[in-house]
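The values are calculated or read from the model by the stated rules, or taken from the named source; none is laboratory data. Since this is a predicted model, take the numbers as computed values, not measurements. Cβ placement follows ideal geometry from the backbone for every residue including glycine, while neighbour counts extend to all protein chains displayed.
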Amino acid sequence: MTDKGAEVSYSVGQVAGFAGVTVRTLHHYDEIGLLVPGERNRAGHRRYGDGDLDRLQQILFYRELGFPLDEVAALLDDPDADPQQHLRRQYGLLTARIATLRKMAAAVAHAMEARRMNVRLTPEEKFEVFGDFDPDRYAGEAAQRWGGTDAYRESQRRTAGYTKEDWKRLTAELDALHRRMADLLAAGVPADSAAAMDVAGEHRRFIGRAYYDCGHELHSRLGEMYVADERFTATYEAIRPGLAAYLRDAMLANAVRHS
């Protein structure tokens, strides 16, 4: 039984697991003096205490915000700064970033909806909602990237006859699938669980009904695009942080399940 006053220390592998980083990353942080573990055991292995974990949390916050390692070190080692000051700064930066991503996601969603419904926005609407975003640009990009594929041609053929009510119904159905997947993510259900794979399967079948035949391999590649293309990522992140990668992983797991 551990004494209440005794500080618990953790191995480099445990800390890597807690923080979602690699052991090599922690070794690098130690080598450059950014995060030097508070102690080592008799065998010379690194041991991290609570203070080390607090500093690692600060490092990862700043790294997520795009700060280079030398600037992170300068900020954390500033003798005039205190932990509360770091948290306030990071909170402000993260809040601003979230607001930007939400605005971008809303703009992209609006652009996609306008294009799907063949609605041409007025110049005023484009500038008001999108700033530099032009919905027509994405349609041209889609044609350039996928115009020669059977899936693109099939999607164009099917959607040409859709009415406004058709689009509303399809949008509501897709939104419901996204909410279900987001709820699983929030509940901590693994992406390769049966529940998540089942929703991914419904997502694949929805695409097949609404747009084009979508096999498991194509569906998994579509999931990769959700993460690789920042516009898709922003849309899913606005629903729930982490949803883009979670959906991608569930789609891949479902494809593997049926391979």
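Which of the residues belonging to the range 196-236 are farther than 29 Å from Arg157 by Cβ and out of contact with any helix residue (DSSP H, G or I) (no Cβ under 6 Å at 6 or more places or on another chain)? Residues satisfying the conditions are Asp198, Glu230. For the range 35-47, what are the residues that are buried (at least 18 other Cβ atoms within 10 Å of the Cβ) and within 20 Å of Leu69 (Cα to Cα)? Residues satisfying the conditions are Leu35, Pro37.
Please verify whether the range 63-86 includes one or more residues that are surrounded by 14 or more Cβ atoms within 10 Å (Cβ to Cβ) and among the basic types (Lys, Arg). Among the residues of the range 63-86, at least one is surrounded by 14 or more Cβ atoms within 10 Å (Cβ to Cβ) and among the basic types (Lys, Arg), which makes the answer yes. Give the residue that is modelled with the highest pLDDT, with candidates limited to residues of the range 143-189 that are β-branched (Val, Ile, Thr), surrounded by 15 or more Cβ atoms within 10 Å (Cβ to Cβ) and closer than 22 Å to Met251 by Cα. Selected residue: Val189. From the list Arg204, Arg209, the lone residue that is in contact with a Gly (Cβ under 9 Å, 6 or more places away or on another chain) and either in the same structural domain as Thr159 (by TED's automatic domain parsing) or surrounded by 21 or more Cβ atoms within 10 Å (Cβ to Cβ) (or both) is Arg204.
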